[in-house]
Amino acid sequence: MRRALSAALVFGALAPAWAQAPAKPGRDAQRAFDAAVLAYQKADFEGALNKFNKAMALFPGWKTASGFRAMCRWTIGDKAGAEEDAELGLKLKPNSADSFVARGKSSLVKKDYDAAIADFDEAVHADAESAEGHFGMGSALSSKGDLRGAVRSLDKAVRLEPAFAAALLVRGSVKDRLKDFGGAINDYNQVLDINPKFLWAKYYRGKGYREIKDYRKALKDFDEFIEDNPSFIEAVYLRSNVRFLLGDYRGAEVDLSRVLELDPKRGLAYSNRGQARAQLGDKEGAMSDLKKAIELEPAKKDKIQAAIDALQDNVLPSYSAAPSLPARAPAVEEEAPAARAPEREDNRLPARVFVEESSNAPERAVTIETKKGGSRPEVKPSHDLDLPDNAAPRDPGRRQRSRAAESAEAPVSDAPQREEPRPRRPSAEEAGERVNGDNAILIE
């Protein structure tokens, strides 16, 4: 009897502390969460992660916040952390639009697109004005290849939240895949209006300008992006392509040399550098590069061999009538070890977010480059882009609102006839037709 009473007294002493455990996030945790969602919407992914961490520190085990943080971690390349958060997010028993969105984002991380679509559908039925629900639906549909459906959902997200940079970024990526390059460029312009520090939008926009053959604007975007991401090989490779098409063969050679420092087995970089060197009069260097390209790209042997034969016959194809630009070496920094996560920096930004980058781009996850070099593993977000959504009760106000003349035939005369002119050099636009999905300049 005495023991039972003693146990009851002990339990009674402990019960109040146990009973005080909060059943829902407090005001500070909710504020941190809402701030995290807004930061993610503005494409400030590092800032969003810090705020999600704060929210979960204030309310440990918060499943809704965990689902949103899972996508944020995925976006910045922390796959292991994303998987861990997604496991917790999948344990949600949704009772609101935001909690459905959180579980849907967890399914996206797990690549269970059907489950994600089902949850996002529930979210927009629970709240037709859930911009995060429409955004999540657009991301999931894009990942499944329903590009038109993705655009419709992303349009709704942007109408509800005009400053939703993440949704604009994903929509731009989808438009790229639909070959609507002008529309994609417009979306990237809006992203940069909202967040000028998000330089990845300049990389994507530069790709769009290249597709519409506005090479000078593409070059400007690639220059600015590479200044902060010197080891992002795709940007350097694409800039070499644009430089070549503008007639800057020296600049193209410099960029392709950098590409080969980062990836010595990239055969097309050898073939294209060989062509650039041929234009510069370096026949020996050109021949060496083209022969190396054949070793690395046996499937393209015939085309590369044709270039070698033309070089041996001293026939150098001309691909651009644009005046050569001053040779300028890119900002080259210490090469980062492969597959090593970079140090966290404020300027570090993801390459994508749950949406394919382009119709012919490989799938990879978000990759981040920094001035110090370094990269995190990619896998699509398209590499597919995947961006923000939302969770948790709303504040009274909406989280975000916004915002050559033709030449005449020469007259006949008795004067001695001039030597037959050399064939006209194709324009940069015509040269651009030689560029294919592999980004090859000459060897397609």
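What the table below lists for this structure:
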| quantity | calculated |
| --- | --- |
| Label-point separation in nm, Asn314 to Glu295, each point 7 Å along Cα→Cβ | 2.9 nm |
| Part-to-part distance (alpha-carbon centres) for segment 50-97 and segment 261-310, which is given in Å | 48 Å |
| Selection of trypsin sites (Lys or Arg not before Pro), segment 220-297, meeting DSSP coil and at most 13 other Cβ within 10 Å | Lys265 |
| Carbon and sulfur %, accessible surface of segment 245-312 computed with the full protein complex present, 1.4 Å | 46 percent |
| Simple label model, 7 Å out from Cα along Cβ direction - Glu129 to Asn189, nm | 3.0 nm |
| Residue-span extension gain [Ile212 to Arg152] - 0.36 nm each, minus C-alpha spacing | 19.2 nm |
| For segment 267-283, 3J(HN,Hα) per residue [Karplus equation, 6.51 cos²θ - 1.76 cosθ + 1.60, θ = phi - 60°, Hz, x = Gly/Pro] | x, 5, 5, 5, 4, 6, 5, x, 5, 5, 5, 4, 5, 7, x, 8, 5 |
| For segment 160-169, Karplus couplings with θ = phi - 60° (6.51, -1.76, 1.60), whole Hz, Gly/Pro x | 6, 10, x, 9, 7, 4, 4, 5, 5, 5 |
| Cleavage-rule hits, trypsin sites (Lys or Arg not before Pro), segment 132-193, DSSP coil, Cβ neighbours within 10 Å at most 13 | Lys179 |
| Computed E for Glu261/Ala118 - FRET, C-beta separation, R0 51 angstrom, nearest 0.05 | 0.65 |
| Residue-normalised accessible area of segment 12-130, given per residue in Å² at a 1.4 Å probe | 45 Å² |
| Simple label model, 7 Å out from Cα along Cβ direction - Lys220 to Ala23, nm | 5.9 nm |
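The values are calculated or read from the model by the stated rules, or taken from the named source; none is laboratory data. All values derive from a computational prediction rather than experimental measurement. Counting neighbours? That spans all protein chains shown, and the Cβs are built from the backbone with ideal geometry, glycine included. Remember, those area values only see protein heavy atoms, side chains included, never the ligands or the DNA or RNA. Shrake-Rupley method; radii C 1.70, N 1.55, O 1.52, S 1.80 Å.
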